[in-house]
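The values are calculated or read from the model by the stated rules, or taken from the named source; none is laboratory data. Owing to the predicted nature of the structure, the values given are computational and were not obtained by experimental measurement. Note that each Cβ is placed from the backbone with ideal geometry, even for glycine, and that neighbours are counted across all protein chains shown. For accessibility, only protein heavy atoms count, side chains too; no ligands or nucleic acids. Shrake-Rupley method; radii C 1.70, N 1.55, O 1.52, S 1.80 Å.
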Amino acid sequence: MEKSLITERCNDITENIKVIRENVAKAALDSGRKAEDIKIMAVTKTVEPVFINHAISCGMDLIGENKVQEFLGKRDFLNLENCQKHLIGHLQTNKVKQIVGQVDMIESVDSVKVAKEIGKHSVNQGIITPVLVEFNIGSEESKTGADINMAYEMIDEIAKIEGIKVKGMMTIPPFSLDEKENRKNFSNMYRLFIDIKAKKIDNVSMDILSMGMSNDYREAIVEGANLIRVGSAMFGARMY
Ligand SMILES: *Cc1c(COP(=O)(O)O)cnc(C)c1O
């Protein structure tokens, strides 16, 4: 890529991060919280290392990748000394072995089966892997995430698995431009998060509610998210 184009895109990223931070601060205030209470993740799928490193130099200290292979291929080119890494994409059991121990958290645990596999490889490595359990809030056939009606039973079962620590919940609601619809989904998720937190399940610390992406992170924060995952609003439209 031409040098001037790289500089131009880096300048855009700097500006985007500034805008996102301002929006986050506003939405946090609207929900009675402070900007620091909301963690911003830079979602880096399909983004080249030069731009990810630029976002890190702007102060981003958490990145999220969807695919195990893509992350492992890219990470040697990233300045990750002061940056945490989360896996946020659907995880197949046969990929678990490669990712356990390589990221700080797996946010996309959507079955007891995959949780058991993560637990097994964590125990083998002598580590505990922090995870979020991913739920399907919109009940759309095509979406990933576990059935919300089984949330308590599932978290209770996953919490018993050795080598795993449940830290909260994640969701990707169905795409909608209807603000009311978005807010309803987010607030349902928040209510479930609070309900499960109140049950004080052993080995579960319901600290993190990961929801909200480029198009809806403001609504997600207002409804209670404390981790938002922002890709295209930071790096520009993805080119596959
Ligand atoms: C791609 C992705 C995001 C970010 O999406 P944008 O709309 O580009 O912000 C967030 N979460 C998950 C799980 C993703 O796959």
Point to revise | Inter-site label distance for THR144 and ASN215 at 7 Å from Cα along Cβ, in nm | key: 1.9
**Study point:** Cα centroid separation - region 1-59 against region 190-233, whole Å
**Key:** 20
Study note, to complete from the structure: In Å², rounded to a whole number, the accessible area per residue of region 3-235 with probe 1.4 Å is 48
Point to revise | GLU162 paired with ALA25, simple spin-label distance in nm, labels 7 Å along Cα-to-beta-carbon | key: 4.9
**Study point:** Exceeding the 22 Å Cα-Cα cut-off - candidates LYS39/LYS167; LYS39/LYS199; LYS45/LYS160; LYS45/LYS85; LYS34/LYS200
**Key:** LYS39/LYS199; LYS45/LYS160; LYS34/LYS200
Practice item. Using only protein heavy atoms and a 1.4 Å probe, report how much of SER122 is accessible, in Å² to the nearest 10. Key: 0
Revision key, fill the gap. In whole angstrom, the spacing between the Cα centers of region 137-186 and region 101-117 equals 14
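Taking the mean number of other Cβ atoms within 10 Å as a proxy for protection, how do you rank 88-96, 41-49 from highest to lowest? Before the final figure, lay out the partial values.
Working: 88-96: 17.1, 41-49: 20.9.
Top to bottom by mean Cβ count within 10 Å: 41-49, 88-96.
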Check your understanding: Using all Cα-Cα distances in region 1-119, what percent lands in each 10 angstrom bin from 0 up to the longest?
Key -> 12, 37, 31, 17, 2
Check your understanding: Please identify the GluC sites (Glu not before Pro) of region 26-112 that satisfy two criteria: DSSP loop assignment and at most 11 other Cβ atoms within 10 Å. Which are they?
Key -> GLU81
Point to revise | Shape call, region 63-195: gyration tensor on alpha carbons, a/c limit 1.5 | key: oblate
Exercise for review: Over the Cα atoms of the chain, compute the convex hull volume and normalise it per residue, giving Å³.
Suggested key: 126
